[in-house]
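A short write-up of the structure that comes next.
The values are calculated or read from the model by the stated rules, or taken from the named source; none is laboratory data. Not measured: the values here are computed from a predicted model. Positions of Cβ are backbone-derived with ideal geometry, glycine not excepted, and every protein chain shown enters the neighbour counts.
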Amino acid sequence: MIVYKKGVGGINLLFRIYGSPLPRAFPLALPSALLAIFLDLFAKNEVRGWFLHPLPFGIFASVVGFVLVFRINLSHARYWEARTRVQDMTSRWLGAVAEAIAFDEAAELPSAVSTGPQWRAEFIHLMSLMHGLAMQGLRGDTMLENLVRGSFHVTPFPPPRDPAELPNWQKYNHLCALRHHMNHFRDYWMNLPLPVLGGLSKMEIKVLEKSESKAFCVFMWIHQHLTARRQAGGLNEAAPIVTRIHQNLEDGMNAFEQAMKINDTPFPFPYAQTVTMMLWFQALMCPLMMVAWLNNTWIVVLFTFAAVWSCFTLNEVAREIEEPWKYDPNDIPVAFLHHNFNLSLLAAFEGNKAEEPEKLLEHIKSTNLDDYSLSPSVDYTERGAYAKHAKEALEVAEREKRELKSSKKSMSAPHLSETHERSGGRVGPESEKRAPI
């Protein structure tokens with residue numbers, strides 16, 4: 001995404017070449033200008049006898065303008081919807097993170113309290129992994145090598161939104177055409193990797209390499225992770241409130257699928273073909289009309305080139321922005337958005353109130369996050385492992401709940417006996433009313 005300054009009258013924008021549609025439209029308009037020169041020098045009288053009035057061409061030019069503007073509006077709508085869906089996905093998932101951390105801090109069982117920091121670190125790792133895979137899917141990247149290790153305690157510099165700021169990037173190749181080569185896309189993705197907090201374990205890489213829907217695979221892991229934690233005594237809130245976490249996760253996944261819709265559904269071919277045909281027909285007819293109604297050769301060439309060049313430039317704008325994640329540098333900055341998502345995850349992790357942030361960071365530094373799968377002792381990708389772990393966690397949680405309940409009863413027993421003596425042996429609401437104060 002090109003971030004630019006307005007400048008005086010926008011004159012500074014005219015000198016930007018990388019990412020401009022003007023150079024791509026130049027060779028398309030050049031044949032019309034050359035044809036205008038040839039007709040004006042060698043066939044001016046014949047051409048003037050063909051056209052007695054410019055009205056027929058004016059009607060056709062008006063139709064071309066209407067069709068072209070309509071295509072630009074549709075392309076801009078696709079671009080803006082893609083950006084909106086990505087932001088909706090990010091905000092929903094960050095809401096789920098905030099709720100999960102806040103609810104988990106309210107855990108009362110000793111085992112849940114002791115494992116809370118590690119569970120929250122794993123949860124944030126999974127959220128970062130899911131978001132990174134979602135961003136990879138949007139830009140069409142399938143190489144897990146472009147998911148690099150991100151640190152919990154070192155904030156990296158943000159990647160540039162404008163690829164022109166990348167060192168040694170090939171900015172001026174293919175200036176006259178959109179870049180369609182897969183090698184170019186691979187180089188572009190490798191220059192803008194996506195950090196995952198904690199990195200990827202060998203197990204995660206092994207499973208994700210086999211998956212055709214990588215983001216949804218991690219989405220399922222997160223739901224299992226939350227369910228196991230709830231059964232182990234974490235996420236200590238009422239069940240209807242805890243469901244908000246799952247709802248936000250699902251809403252975020254829905255926004256991701258809506259964004260993928262734009263990748264999966266190209267701009268309709270019949271419309272694109274019709275616009276292209278009309279533009280080339282106009283490029284052929286425009287020199288004839290200029291020669292027929294203008295006398296000066298240079299004016300004929302100038303107006304012919306300007307008219308054809310402008311129409312092809314608008315069409316190039318539409319062709320580029322109708323695929324929001326494909327063509328640099330006017331694509332949506334995936335790496336920059338993922339960096340901001342990771343920063344929000346770190347803010348949520350470091351800002352929780354269960355322990356001091358420094359202690360949490362020391363805990364993460366002492367934990368080898370490259371070696372865990374989803375928890376220190378369980379591999380959820382193994383058949384039956386999740387159910388077994390959930391059952392064991394549920395047994396421990398039930399035992400601790402019984403112990404906590406019995407301890408509360410023992411603490412309240414003296415108060416109950418004193419109330420019984422004051423009421424004269426009577427029980428119930430009436431005895432409480434009659435008991436002396």
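Scanning region 84-97 turns up no residue that is of a type in the set (Val, Ile, Thr) and more than 33 Å from the chain's Cα centre (by Cα). Is region 87-108 home to any residue that is part of a loop (DSSP other than H, G, I, E, B), on the phi < 0 side of the Ramachandran plot, of a type in the set (Asp, Glu) and not assigned by TED's automatic domain parsing to the domain that holds Trp293? Looking for residues that are part of a loop (DSSP other than H, G, I, E, B), on the phi < 0 side of the Ramachandran plot, of a type in the set (Asp, Glu) and not assigned by TED's automatic domain parsing to the domain that holds Trp293, one finds at least one in region 87-108, hence yes. In the set (1) under 20 Å from Lys44 (Cα atoms); (2) among the hydroxyl-bearing types (Ser, Thr, Tyr); (3) in contact with a Lys or Arg (Cβ under 9 Å, 6 or more places away or on another chain), Thr304 fails one condition alone, (3). Of the residues Val97, Val67, Val47, the single one that is farther than 30 Å from Met289 by Cα and not aromatic (Phe, Trp, Tyr) is Val97.
Among the residues of region 122-176, those identified as outside any helix (DSSP H, G or I) and of a type in the set (Val, Ile, Thr) are Thr142, Val148, Val154, Thr155.
Checking the stated criteria, Gly49 turns out not to satisfy the condition of being free of Cβ contacts under 8 Å to residues at least 60 places away in the same chain, out of contact with any Phe, Trp or Tyr (no Cβ under 6 Å at 6 or more places or on another chain), more than 26 Å from Thr276 (Cα to Cα) and outside any helix (DSSP H, G or I).
Here is a yes/no grid of residues against (1) among the aliphatic types (A, V, I, L, M); (2) at pLDDT 95 or above:
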residue	(1), (2)
Leu39	yes, no
Lys44	no, no
Gly49	no, no
Leu52	yes, no
Ala77	yes, yes
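Which count do you get for residues in region 98-125 that are of a type in the set (Val, Ile, Thr), surrounded by fewer than 20 Cβ atoms within 10 Å (Cβ to Cβ) and under 27 Å from the mean Cα position of the chain (by Cα)? So the answer is 0. Condition check for Phe267 on (1) part of a helix (DSSP H, G or I); (2) under 25 Å from Phe26 (Cα atoms): one failure, at (1). Criterion first (touching a residue at least 24 places away in the same chain (Cβ under 8 Å), part of a helix (DSSP H, G or I), out of contact with any Ser or Thr (no Cβ under 6 Å at 6 or more places or on another chain) and within 23 Å of Pro21 (Cα to Cα)) does Cys311 satisfy it? Yes; evaluated as a whole, the condition is true for this residue.
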